[in-house]
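The values are calculated or read from the model by the stated rules, or taken from the named source; none is laboratory data. What you see is a predicted model; the values in this text were computed from it and never measured. No Cβ is skipped: glycine too gets one built from the backbone with ideal geometry, and neighbour counts run over all protein chains shown. With ligands, DNA and RNA removed, areas are computed over all heavy atoms of the protein, side chains included. Shrake-Rupley method; radii C 1.70, N 1.55, O 1.52, S 1.80 Å.
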Amino acid sequence: MICKESGEVYTWGVGEYGALGTGMREDVWSPARISMDPRGFVPVRKASAGAKHSAFISDQGALYVCGTGETGQ
């Protein structure tokens with residue numbers, strides 16, 4: 001995962017459980033830009049990826065999490 005200074009986030013890897021944040025559960029092997037909100041661009045300040053989940057904090061402080069929650073992620 002890459003979080004650019006502009007707030008754009010690119011992700012790739014195993015998409016199981018929707019962990020990549022693309023809105024799908026498919027694997028992605030080339031960097032794909034993701035959007036936190038289907039209504040428009042939401043700049044991301046910080047991003048973190050785990051084995052089965054990803055988390056993002058917007059520049060407004062909103063928390064977005066995707067993937068499995070099987071162990072409380």
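Would you check which residues across segment 25-57 are closer than 13 Å to S6 by Cα, more than 11 Å from the chain's Cα centre (by Cα) and open to solvent by less than 70 Å² (accessible area, probe 1.4 Å) and list them?
Matches in segment 25-57: V42, P43.
Given the structure, is T68 open to solvent by less than 40 Å² (accessible area, probe 1.4 Å), at negative phi, in contact with a strand residue (DSSP E or B) (Cβ under 7 Å, 6 or more places away or on another chain) and modelled with pLDDT of 90 or more?
no
Restricting attention to segment 6-44, which residues are among the small types (G, A, S), in contact (Cβ under 8 Å) with a residue 12 or more places away in the chain and assigned to a loop (DSSP other than H, G, I, E, B)?
Answer for segment 6-44, where residues must be among the small types (G, A, S), in contact (Cβ under 8 Å) with a residue 12 or more places away in the chain and assigned to a loop (DSSP other than H, G, I, E, B): S6, G7, G15, A19, G21.
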